[in-house]
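Any read-out appearing in this document is the output of simple, stated calculations on the displayed coordinates, not a laboratory observation. Just so we're clear, the structure is a prediction, and the values are computed from it rather than from any experiment. Counting neighbours? That spans all protein chains shown, and the Cβs are built from the backbone with ideal geometry, glycine included.
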Amino acid sequence: MTKIQRQLEEARADLAAATAALTASDEQQAEAVKSSKTYSQWRLSHEAAALEAERLALLVEKLEADLQQEQTDAAVAARAARRVELEQQSKALASRIAEEGAQAAAVLLALAEQAKLNAEAVELFNRELGDDDAPLLSGDHIARYRAPAPRQNLAEDVIDLWVFERTGELVGDPDLIHEISEQRGIIPPAGGVSSRATPVVRKRFRQVRYLEGGERLYVEPLATVLRLPRFDGPGLLFDRGRIVEAAERRELIELVDDAPAEPAESVAA
């Protein structure tokens, strides 16, 4: 708690007490008017209580304004400190992006080029293999390809369900079934003279909960998916298989009228 907060808390407590005293003084007025002496005494004490309550109300108002200003100043100071901290952080990060980013980009570009040359060499070699020879895999494929995950059963239960006797399809609403025996039942007709009950039977199923197998994904060559920004300016350094050259500045010619304009007076003369 700051000094102003402590002073404000004390002033509010004093104001509450002074207000209560002034209210009590107001209630004593009816008794005080019975004599001039008691009324004079009451009048003096009442004015003193009113002045004290007024003073404390003004003090509370001033301290509230001071507290608001203190909090505003603290917020401004905190924001200024945060600004300095972020400026230092941003400058340090900018240096790292320019230096470490450029180094990382050089490594990635070299890897992409080597992966491309290796894939081309492996492809040429595989063309020379016979039908019984196992083909070679490129380094890019070995590093990044993952076989799809197989299906994985998690749990298995045996359950009995109602199916239509004629088609074997599951009954969508078992509540409609009128059970005749443990294994047989009917669905009463919905209405109409020609309507007939639909026979259903109870059939046993295995209910298997499982994780489905993963999809087989094609591994695109590293050089064709790699995109790298420039780390010392805007734009791209490498874009899906090609090095992006920075646009050259164009040399242009501009004609500018360099003759000073004649004053209006001399033209009029």
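How big, on average over all directions, is the shadow cast by the Cα convex hull of segment 22-153, in nm²?
Reported value for the Cα convex hull: 22.7 nm².
Angle between the Cα long axis of helix 36-127 and the longest principal axis of the chain, 0 to 90 degrees, nearest 10?
20 degrees
Suppose a student asked you for the relative contact order of the chain, using Cα pairs under 8 Å spaced at least 6 residues apart; what percent would you report?
Values: 235 pairs, mean separation 39.1, N = 269.
Rounded, it is 15 percent for the chain.
Determine, from the Cβ-Cβ distance of Phe205 and Ser181 and an R0 of 22 Å, the FRET efficiency 1/(1 + (r/R0)^6), rounded to the nearest 0.05.
The value I calculate is 0.70.
What is the angle, in °, between the Cα long axis of helix 3-27 and the longest principal axis of the Cα atoms in the chain? Nearest 10 is fine, range 0 to 90.
50 degrees
Which FRET efficiency, nearest 0.05, do Thr72 and Met1 yield, Cβ-Cβ r, R0 30 Å?
Here the calculated transfer efficiency is 0.95.
Tell me which of Gly139, Leu211, Leu8 sits at the most positive position along the dipole axis of the chain, charges placed on C-beta atoms (Lys, Arg +1; Asp, Glu -1).
Projecting each Cα onto the dipole axis, the largest value belongs to Leu211.
Per DSSP H run of n ≥ 4, the term is -39500 (n - 2.57); total these for the chain, divide by its residue number, and report the mean residue ellipticity at 222 nm rounded to 500 deg cm²/dmol.
Helix contribution divided over all residues of the chain: -17500 deg cm²/dmol.
Averaging sequence separations of C-alpha pairs under 8 Å and six or more residues apart, then dividing by the length of segment 3-82, give the relative contact order as a whole percent.
Computed over segment 3-82, the figure is 43 percent.
Mind checking which aspartates and glutamates have their Cα closer than 18 Å to the Cα of Lys62? Skip sequence neighbours fewer than 8 apart in that chain.
Straight-line reach from Lys62, under 18 Å: Glu9, Glu10, Asp14, Glu52, Glu54, Glu70, Asp73.
Classify segment 93-159 as rounded, prolate or oblate, taking a ≥ b ≥ c as the square roots of the eigenvalues of its Cα gyration tensor: rounded when a/c is under 1.5, otherwise prolate if a/b is larger than b/c and oblate if not.
In terms of gyration-tensor shape, oblate.
Just to check, using Stokes-Einstein with a Kirkwood Rh over alpha carbon pairs, what's the diffusion coefficient of segment 1-44 at 25 °C and 0.890 mPa s in µm²/s?
Taking Rh from Cα pairs, D becomes 200 µm²/s.
Of the listed values (1) 82; (2) 50; (3) 56, identify the label whose number matches percent of Cα pairs over 24 Å apart calculated from this model.
Among (1) 82; (2) 50; (3) 56, the one derived from this structure is (1).
Quick query: amide H of Val244 versus all other amide H atoms, modeled in the peptide plane; which residues come in under 5 Å with a sequence gap of 5 or more or a different chain?
Counting only residues 5 or more places away or on other chains, the set is Phe238, Asp239.
If you filter segment 146-181 for GluC sites (Glu not before Pro), then keep DSSP loop positions with at most 16 other Cβ within 10 Å, what is left?
Values: sites: Glu156, Glu165, Glu169, Glu179; in loops: Glu165, Glu169.
Loop-located and lightly packed - Glu165, Glu169.
Which order results if Glu254, Glu61 are arranged by neighbouring Cβ count within 10 Å, fewest first? Mind dumping the intermediate values first?
Details: Glu254 4, Glu61 11.
Listing Glu254, Glu61 from fewest to most nearby Cβ atoms yields Glu254, Glu61.
Hey, got the dipole for the chain? About the Cα centre, +1 on K and R Cβ, -1 on D and E Cβ, debye to the nearest 20?
Dipole about the Cα centre, nearest 20: 1360 debye.
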